[in-house]
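Q: I have a structure here, written as structure tokens, and I will follow up with some questions on it.
Any read-out appearing in this document is the output of simple, stated calculations on the displayed coordinates, not a laboratory observation. Being a predicted model, the structure only gives us computed values, none of them experimental. In this analysis, Cβ positions are derived from the backbone assuming ideal geometry, glycine residues included, and neighbour counts consider all displayed protein chains.
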Amino acid sequence: MAIVVAIGLIVSASASMWLWNAEQQRARRALDGSTEVLAGSITNAISDAIDRLAAVGGLFESSEDVTRDEFRRFVENLGSLSGLEGLGYMPLISGEDLDAFTAEIRESIPDYTVFEVDRSGERIPVGERSEYAPAQWFEPFDAFGRPHGFDSLSEPNRAAGIETARHT
């Protein structure tokens, strides 16, 4: 009788191990499949964002002067900005041209000011530099508390990204 019980325990343990391994493999395959789907979704979202950014670049390359209304209509016609909070344009402006640039933008956004952000997140006037990259147009207009005028070169990580893009 002890031998029958021992054999029963061995068979039960073996069957349990086999079922456990089979379940682990099934779970691993399901996870791998989910991971592939997620990776594909991320890849597609990045590709869509790059396409939209390229389209914005094309708009500015094909026009001498893109107005705020033209930019708004263009972004609206792009359709859903899935994965993006908004689209903006930030030209590089020399320090000597900053006042003239600001005056021109104030024709369509009267309270437009080029600013940076202090450590507490408050908007402050930009310091004097040789170059600026202020947000000229951004859609949706009220996204992020109206980022129009934010100087991306005032933030080290963004400035590094701009430098990389400039040399690419």
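Q: Go through segment 111-168 and report how many residues are more than 17 Å from the chain's Cα centre (by Cα), among the hydrophobic types (A, V, I, L, M, F, W, C), surrounded by 15 or more Cβ atoms within 10 Å (Cβ to Cβ) and over 18 Å from Phe71 (Cα atoms).
A: So the answer is 4.
Q: I've got another one for you. Pull out all pairs, ordered by first then second residue, where Cβ-Cβ is under 7 Å, the residues are six or more apart or on different chains, the first lies in segment 112-136 and is closer than 13 Å to Leu98 by Cβ, and the second is surrounded by 15 or more Cβ atoms within 10 Å (Cβ to Cβ) and of a type in the set (Gly, Ala, Ser).
A: Listed by first residue and then by second, the contacts come to Tyr112/Gly149; Thr113/Gly149; Val114/Gly149; Phe115/Gly149; Glu116/Ser154; Val126/Ser154; Ala133/Ser152; Pro134/Gly149.
Q: Now, a different point. Out of (1) hydrophobic (A, V, I, L, M, F, W, C); (2) more than 21 Å from Gly95 (Cα to Cα); (3) not in a strand (DSSP E or B), the odd one out for Ala165 is which?
A: (2)
Q: Between a first residue in segment 36-64 that is under 17 Å from Gly86 (Cβ atoms) and a second residue that is in a helix (DSSP H, G or I), which pairs have beta carbons less than 6 Å apart while being 6 or more apart in sequence or on different chains?
A: Going by the 6 Å Cβ cut-off, the qualifying pairs are Arg52/Leu78; Leu59/Phe74.
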